[in-house]
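Q: Pasting in a structure now, in structure tokens, and then I'll have a few things to ask.
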Amino acid sequence: MRVLLIEDDKLIGDGIKAGLMKMGFSVDWFTEGKQGLSALDAAPYDAVVLDLSLPGMDGLDILRSWRQSGHDEPVLVLTARDALEQRVAGLQQGADDYLCKPFALIEVAARLQALIRRRHGQVQLLLTHGPVSLDPVKLTVSSGDQPVHLKPKEFALLELLLRNAGRVLPRALIEEKIYNWDDDVSSNAIEVHIHHLRKKFGSGFIRTVHGIGYTLGEAE
């Protein structure tokens, strides 16, 4: 899942980005308020981690602008402003969750997972399709009772397809969802990942809709 991180503290931002990427997220990180404001229009993010005290534009103003323009991406506010009235102000401006510094990275990841599940209308933690089961927290995949090893981008693609069961996802959208702007993406990368997933789960597990994109096949 692709996450937008807006945090001006280099040490904190670097730690969050590195940690979330190890947990399977694709992360774009901005340190300046106005850049972060416009970034949400540039890619299909699944969630946002937003600091409030930013150079150039305050985080609450960014949040207010997003909500007024119709952006509904879930936003986790991460800030040192721990006064009750400031937390309430953030929620009233459209924040979906709130964490005060200092924080544990594992809690940031857990809250992001919960926000993403809620946005997709998913109650269960495990994502399943037929015998295939994916745990986005433990980063494990199994088919029946057998564990399946996936490379990070294969895992990200499988999670994306499972979260969007019943939808046909255009190739360009898939690429935007599982890669960030720092990644070097080859022209046939998505096709290679899909080929590898089909080898592991069966040729009919992912269906090609010609001229449109890809979707999950019929569950066995």
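Q: Rounded to the nearest 20 Debye, what is the dipole magnitude of the chain about its Cα centre when Lys and Arg each give +1 and Asp and Glu each give -1 at the C-beta?
A: Rounded to the nearest 20 debye, it is 640 debye.
Q: Between helix 189-201 and the chain, what is the angle of the helix's C-alpha long axis to the longest principal axis, kept within 0 to 90° and rounded to the nearest 10?
A: That helix lies at roughly 60 degrees to the long axis.
Q: Pop the C-beta distance of D183 and S203 into the FRET formula with R0 = 35 Å and round what comes out to the nearest 0.05.
A: The calculated FRET efficiency here is 0.80.
Q: Next question, about the same structure. Using the Kirkwood radius over Cα pairs, work out the Stokes-Einstein diffusion coefficient for the range 2-119 at 37 °C and 0.692 mPa s, in µm²/s as a whole number.
A: 236 µm²/s
Q: With +1 on the Cβ of every Lys and Arg and -1 on the Cβ of every Asp and Glu, and nothing else charged, how large is the dipole of the range 127-216 about its Cα centre, in debye rounded to the nearest 20?
A: Once rounded to the nearest 20, the dipole reads 340 debye.
Q: Amide H to amide H under 5 Å from V132: which residues, 5+ apart in sequence or cross-chain, H placed 1.01 Å off N in plane?
A: G144
Q: Whole angstrom only: what separates the Cα centroid of the range 36-76 from the Cα centroid of the range 2-27?
A: Distance between centres, Cα-based: 15 Å.
Q: Cut-off under 19 Å on the C-alpha distance; same-chain residues fewer than 8 positions from K10 excluded. Which lysines are left, in chain and number order?
A: Leaving aside lysines fewer than 8 places away in the same chain, those within reach of K10 are K22, K34, K101.
Q: Report, to the nearest 10°, how far helix 152-163 tilts away from the longest principal axis of the Cα atoms in the chain, using its own Cα long axis and a range of 0 to 90°.
A: 90 degrees
Values quoted throughout were computed directly from the atomic coordinates according to the rules given, and no laboratory measurement underlies them. On a predicted model such as this, the values are computed, not experimentally measured, just so you know. Heads up, the Cβs are rebuilt from the backbone with ideal geometry, glycines too, and the neighbour counts pull from every protein chain shown.
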